[in-house]
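Here is the structure we will look at.
Only the coordinates and a few stated rules stand behind these numbers; no lab work does. Only a predicted model underlies this, so the values are computations on that prediction, with no experimental measurement involved. Counting neighbours? That spans all protein chains shown, and the Cβs are built from the backbone with ideal geometry, glycine included.
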Amino acid sequence: MWIFMAFGSALFAGLTAILAKCGVRRTDSTVATAIRTVVVLLFSWLMVFLTGAQAGLRDIQGGTLLCLTLSGMATGASWLCYFRALQIGDVNKVTPIDKSSTVLTILLAFFLLREPISGPKALGLVCAAAGTWLMIEKKAGQGEKQGPWLPYALGSALFAALTAILGKLGVRGVDSNLATALRTGVVLVMAWVMVAVTGKSALLKTLPKEELGFLCLSGIATGASWLCYYRALQEGPASVVVPVDKLSILVTVAFSALVLHEKLSPKAGLGLALITGGTLAMLL
């Protein structure tokens, strides 16, 4: 069952990127992150009460709560970086960098969780890294500099890898729906603190209504992705669940072509094929 949950996570995560891109065209990325998190939190706790998972609150141990808190903080940092990168860069360039967190996650799972790296998985890592480079090298090869989105995209990947490892540790012995809701609470606090600290609260009054709708839909897609993802992490190995989740890049690229009219160059298409092939190899 966990493998189907992992693929469900990939589907909803792919939709999240497109909906979020549509919601940050004029809206500040930090404000957008905070608004989306409210929707995700409501969605998460609704699932907790529908499944009766709230009864497990009293059984959560201190170490587990710490891991969930740190995972939530890493998620918040990843989101802030990711949506800033989406706001100023193309989806087809930002998403491959974000999905490269797979490489870091598998390496961290090897060192921290003692999950083995097989020959096919090692080959998959190399292919994914090469494919990522080909996809983001598109404009640089034409004599243009990479935009300021790149550091944000790299930060998103780093924090996403930490999120997966800490999340894996945090869902041991805890209902996955409850773990998701608790983590989202941490993300919510972090996101709104960033809005206050950066003095962007006033921007809420001028928020475009059409973009608010996209942000809410993005939050719902994120909530669905998380619920599938952490259920899969709870039952399956992180070194397999994470690569499956990263196949969401196929959904994102397809919708970016249909909705945003972003086209892939032949080199970027080869990079996407390498990322996909490498990701599938990681599952062996």
Check your understanding: Over segment 1-141, what is the relative contact order in whole percent, taking alpha-carbon pairs under 8 Å and six or more residues apart?
Key -> 29 percent
Check your understanding: In terms of the ratio Rg/(2.2 N^0.38 Å) built on C-alpha atoms, what value belongs to segment 146-284?
Key -> 1.23
Point to revise | Sequence of 228, 216, 127 once ranked by neighbouring C-beta atoms within 10 Å, starting from the fewest | key: 216, 127, 228
Check your understanding: 222 nm [θ] for the chain, helices only, -39500 (n - 2.57) per DSSP H run of 4+, per residue, to 500?
Key -> -25500 deg cm²/dmol
Study note, to complete from the structure: Cβ density ranking, 10 Å radius, fewest first, applied to 267, 99 yields 267, 99
Review point. Under the definition of Cα pairs under 8 Å and six or more residues apart, what whole-number percent is the relative contact order of the chain?
Key: 44 percent
Exercise for review: Pull out the extension gain between residue 111 and residue 205, defined as 0.36 nm times the separation in residues minus the alpha carbon to alpha carbon distance; nm, one decimal.
Suggested key: 29.1 nm
Review point. Along the principal axes of its C-alpha atoms, what lengths does segment 76-115 span, in descending order and rounded to whole Å?
Key: 38, 21, 7
Review point. Over segment 171-247, what is the relative contact order in whole percent, taking alpha-carbon pairs under 8 Å and six or more residues apart?
Key: 54 percent
Check your understanding: Build a GNM of the chain with springs between Cα atoms under 10 Å: which of 204, 227, 70 gets the top mean-square fluctuation?
Key -> 204
**Study point:** Rounded if a/c under 1.5, otherwise prolate or oblate - segment 30-116, Cα gyration tensor axes
**Key:** oblate
Study note, to complete from the structure: Across 53, 129, 85, the residue with the highest GNM fluctuation in the chain (Cα network, 10 Å cutoff) is 53
Check your understanding: When each pair of different Cα atoms in the chain is counted once in the 1/r mean, what is the Kirkwood radius in angstroms, to one decimal?
Key -> 18.8 Å
**Study point:** Rg to Rh quotient for segment 98-207, alpha carbon positions, Kirkwood Rh
**Key:** 1.08
